[in-house]
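The values are calculated or read from the model by the stated rules, or taken from the named source; none is laboratory data. Since this is a predicted model, take the numbers as computed values, not measurements. As a convention, Cβ positions derive from the backbone with ideal geometry for all residues, glycine included, and neighbour counts pool all protein chains shown.
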Amino acid sequence: MKLISWNVQRGGRPSRQVPRLAKRRPDLVALQEVTRATASEWTEQLRSECGLAHIETSHDVIGERTYCNLVASRWPLARLATKLFDLPHAERHLAVVVEHEGGELELHNTHVPDGSGHGWRKVEHFEGLYRYLSRTWRASGHPRVLCGDFNSPRVELDEDRIYTWAQNEDGKLMRDRGQRWDAAERSVILGLRAFDLTDVYRELHGYGREARAVSWATMRNGREFGRRFDHVFAARSLEPWTARYLEAWRSERLSDHAAIEVTFSGV
């Protein structure tokens with residue numbers, strides 16, 4: 001099974017992006033920042049060009065905001081109720097059960113707000129996500145995958161030196177954010193390992209120089225600062241086999257994010 005997770009907001013119309021997805025032949029696609037204006041276009045093109053007949057979006061709970069999430073699948077989907085998740089913006093999390101031939105898979109597609117634009121709503125999103133996933137992991141009955149754009153971490157040096165956006169780049173805690181903010185980010189980025197959701201890319205590649213990856217970047221004084229904001233966390237029983245960032249899609253400006261592609265051999 002092949003999963004591609006991608007924040008598509010700054011890539012123009014789906015007509016530029018869907019052909020690239022189709023060439024990768026994914027079985028599951030999880031998109032973040034689909035707009036109310038492009039949701040139907042995404043749905044039509046993913047069905048016609050990628051053969052992904054089963055699609056769910058969080059468009060119905062978007063309210064007055066602009067963006068929602070989308071999941072497309074080769075297999076039937078059953079959506080989990082939005083009310084299960086205590087998050088500040090309901091449309092930023094879309095959860096489904098994928099009914100594939102080998103059984104059922106619970107897929108969570110999330111888009112964590114950035115702290116600079118949304119402040120403590122980022123913290124509340126992390127807290128709500130961790131609360132649900134940690135409390136329900138035994139009762140769910142399905143292997144689970146969590147993917148999306150997490151706007152975290154800030155810095156990854158090695159397994160013991162992962163800095164959040166509550167810390168400066170030297171690791172010191174910021175006074176205006178503090179322990180709660182730091183703990184919220186860590187609870188998902190690192191803490192879900194205890195509940196059988198492991199960072200697939202790091203599990204397969206480690207933290208060596210050759211494993212450096214950039215999924216989003218910003219420019220400062222003419223220099224690019226790259227971050228690995230886009231992740232796939234998965235149950236070990238799914239046997240993640242490969243994980244890679246499709247960085248060319250970012251450099252070619254199909255989006256300001258690279259997609260992350262993961263294949264599983266246990267499905």
When every residue in region 218-255 that is under 24 Å from residue 163 (Cβ atoms) and touching a Phe, Trp or Tyr at 6+ places or on another chain (Cβ under 6 Å) is compared, the one surrounded by the fewest Cβ atoms within 10 Å (Cβ to Cβ) is 218
Result of the Cβ filter at 6 Å on region 143-157, keeping first residues that are under 12 Å from residue 233 (Cβ atoms) and in contact (Cβ under 8 Å) with a residue 24 or more places away in the chain and partners that are assigned to a loop (DSSP other than H, G, I, E, B) and not basic (Lys, Arg), at least 6 apart or interchain, is 143/235; 144/235; 146/197; 150/112; 150/229
Output for Cβ contacts, cut-off 9 Å, separation at least six or different chains, first residue closer than 21 Å to residue 232 by Cα in region 23-45, second loosely packed, with under 15 Cβ neighbours inside 10 Å, reads 25/51; 33/10; 33/66
Of the listed residues (121, 92), the one being of a type in the set (Lys, Arg), over 16 Å from the mean Cα position of the chain (by Cα) and closer than 17 Å to residue 63 by Cα is 121
Region 81-159: strands (runs of 3 or more DSSP E) wholly inside it with 1 or more residues that are within 19 Å of residue 68 (Cβ to Cβ) are 93-100, 103-111, 144-149
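On the basis of being in contact with a strand residue (DSSP E or B) (Cβ under 8 Å, 6 or more places away or on another chain) and more than 21 Å from residue 31 (Cα to Cα), does residue 163 make the cut? Spell out the reasoning first.
Values: in contact with a strand residue (DSSP E or B) (Cβ under 8 Å, 6 or more places away or on another chain): yes; more than 21 Å from residue 31 (Cα to Cα): yes.
In short, yes.
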Selection over region 68-86 where residues are within 18 Å of residue 124 (Cβ to Cβ) and modelled with pLDDT under 95 yields a count of 5
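Which members of region 1-29 meet the condition of being outside any loop (DSSP other than H, G, I, E, B) and surrounded by 19 or more Cβ atoms within 10 Å (Cβ to Cβ)? Talk me through it step by step, then tell me what you get.
Narrowing region 1-29 to residues outside any loop (DSSP other than H, G, I, E, B): 2-7, 14-24, 28-29.
Scanning region 1-29 gives 3, 4, 5, 6, 7, 14, 17, 18, 21, 28, 29.
Give the residue that is surrounded by the most Cβ atoms within 10 Å (Cβ to Cβ), with candidates limited to residues of region 69-119 that are basic (Lys, Arg) and within 23 Å of residue 137 (Cα to Cα).
Out of the qualifying residues, it is 92.
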